[in-house]
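Novice: Before I ask anything, here is the structure I am working with.
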Amino acid sequence: MKLAIVPGDGIGVDVTREAVKVLERLDARRSLGLELVSFPWSADHYLATGETVPPGAFDDLARNYDAIFMGAFGDPRVPDMKHAADILLGARFQLDLYVNYRPVRCLDDRLSPLKGYTAADVDFVVFRENTEGSYVGIGGHFKKGTPDEVATQEDLSTRRGVERIIRHAFSFAKETGRRRVVMSDKSNAMRFVGDLWQRTFAEVSREYPGIGASHLYVDALCLQLIRDPRPFDVIVTNNMFGDIVTDLGAALQGGLGMAASGNIHPGRVSMFEPVHGSAPRYAGTGRANPFGAILTVALMLEHLGNKEEAVAVERAVAACVSARKCTSDVGGELSTSAAADAVCERLAG
């Protein structure tokens with residue numbers, strides 16, 4: 001398997017280094033046949049060369065790689081975040097990675113922030129449409145900087161885009177034995193886009209008679225997730241609401257440092273990234289939690305057909321959390337590198 005590695009900015013570099021360490025340990029022990037190729041795309045590279053992504057880079061990734069692992073992007077020296085948009089959003093849009101896959105699973109009782117609920121009560125998946133909605137960048141300013149300024153931002157949804165993410169959510173539920181799919185929108189305020197989502201969800205749900213299908217407005221969904229996360233199996237929603245709901249989900253699993261994600265087009269090269277930001281102030285301090293990146297490695301391995309190795313990685317992370325062999329944000333005292341070493345030790349056991 002040929003994997004592209006893009007560490008990015010800030011703590012992205014730190015946690016990616018540790019994720020690669022885990023990959024290399026697995027490869028050495030289980031002969032996975034990994035070829036890891038690192039790419040320099042980052043704020044440093046952009047500021048030094050003026051280049052964000054070279055011409056033809058995404059075509060190269062699509063043709064010649066099995067998956068892409070990205071760290072995190074964002075640097076105050078690039079205030080408009082052009083490099084981040086070109087690299088991260090560029091990958092999502094140009095590779096048509098329409099499925100944002102976010103498993104929300106708490107690995108230890110003490111990480112659950114909800115009174116009266118244990119880790120076993122937090123186990124659901126969010127599918128976020130990843131290539132449309134408010135993130136397509138349609139809009140602009142009129143009379144900018146004047147008292148009469150007007151700003152517009154449009155939400156773009158297509159029948160094709162909505163249907164394929166909803167169908168993916170139902171297919172996942174069927175394949176994994178989950179019993180319920182909840183679609184979330186704000187159709188009481190956003191009538192036209194909401195109408196498209198509502199009709200499409202109803203039509204696709206009829207193809208899956210054994211799976212419960214229901215709807216919640218996104219504000220009600222957030223409320224219910226905090227009140228009691230147990231009824232939720234699979235949630236499907238649009239780009240903007242998915243971004244918000246999955247950060248709430250990260251809080252339920254111990255924080256952004258524990259959260260992993262995949263950006264997927266089934267059957268094509270896909271991209272995997274931990275969901276936290278670049279946190280430049282903490283870069284190189286050893287304080288960043290590498291477990292989100294390491295759990296992202298598990299998602300990537302599972303996607304590539306290495307389920308046994310993926311389960312081994314997740315179990316090793318869970319064991320480290322339980323033993324407090326982790327960074328301070330999840331109750332330990334280890335550095336970024338030492339926490340990853342603890343995972344590697346458990347993989348070797």
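Values in this text are rule-based calculations from the coordinates and carry no lab data. Note that this is a predicted model, so its numbers are computed, not measured. We place every Cβ from the backbone using ideal geometry, glycine too, and count neighbours over all the protein chains shown.
Novice: For n ≥ 4 DSSP H runs only, could you compute -39500 (n - 2.57) per run for the chain, divide by its residues and tell me the 222 nm figure to the nearest 500? Let's see the in-between values first.
Specialist: Working: 11 runs with 139 residues, N = 349.
Per the formula, -12500 deg cm²/dmol.
Novice: Here is the link list: LYS21/LYS115; LYS21/LYS186; LYS82/LYS174; LYS115/LYS325. Which ones come out longer than 32 Å on Cα distance?
Specialist: Beyond 32 Å between Cα atoms: LYS21/LYS115; LYS21/LYS186; LYS82/LYS174.
Novice: Pop a pseudo-label 7 angstrom from the Cα along the beta-carbon direction at both ARG180 and ALA202 and give the gap in nm to one decimal.
Specialist: 2.2 nm
Novice: What nm value, rounded to one decimal, do you get for the distance between ASP60 and THR118 when each label is placed 7 Å out toward the C-beta?
Specialist: 5.1 nm
Novice: Hey, in the GNM for the chain with a 10 angstrom Cα cutoff, which one of PRO290, PRO103, PRO209 fluctuates hardest?
Specialist: Of PRO290, PRO103, PRO209, the Gaussian network model singles out PRO209 as fluctuating most.
Novice: I need the peptides 150-161, 177-188 ranked by packing, meaning the mean over residues of other C-beta atoms within 10 angstrom, with the highest value on top. Don't skip to the answer; put the middle values down first.
Specialist: On the way: 150-161: 13.2, 177-188: 18.5.
Averaged packing, sorted descending, gives the order 177-188, 150-161.
Novice: Take TYR101, TYR208, TYR135 and order them by how many other Cβ atoms sit within 10 Å, fewest up front.
Specialist: On the way: TYR101 23, TYR208 16, TYR135 19.
Ascending number of Cβ neighbours within 10 Å: TYR208, TYR135, TYR101.
Novice: Also, quick follow-up: Relative contact order of the chain, please, whole-number percent, based on alpha carbon pairs below 8 angstrom and at least 6 residues apart.
Specialist: 22 percent
Novice: If only Cα atoms are counted, what is the Rg of segment 123-252, and what is its Dmax, in Å?
Specialist: Radius of gyration, then largest Cα-Cα span, for segment 123-252: 16.1, 57 Å.
Novice: Given a Förster distance of 25 angstrom, what is the FRET efficiency for ALA85 paired with THR158, based on the Cβ-Cβ distance and rounded to 0.05?
Specialist: 0.75
Novice: Take the Cβ-Cβ distance between LYS2 and ALA348 as r, set R0 to 25 Å, and report the resulting FRET efficiency rounded to the nearest 0.05.
Specialist: Plugging the Cβ-Cβ distance into 1/(1 + (r/R0)^6) gives 0.50.
Novice: Provide the packing ranking of 336-342, 9-15, 139-145, 234-240, i.e. peptides ordered by the mean count of other C-beta atoms within 10 Å per residue, highest first.
Specialist: Averaged packing, sorted descending, gives the order 9-15, 234-240, 336-342, 139-145.
Novice: For Rg/Rh (Cα atoms, Kirkwood Rh), several values are listed as [x] 0.96; [y] 1.05; [z] 1.11; flag the one computed from this structure.
Specialist: Answer label, from the structure shown: [x].
Novice: Further question on the same structure: Mind checking the full-extension length gain between ILE138 and ARG315? Use 0.36 nm per residue of separation minus the Cα-Cα distance, one decimal, nm.
Specialist: Gain on stretching ILE138 to ARG315: 59.4 nm.
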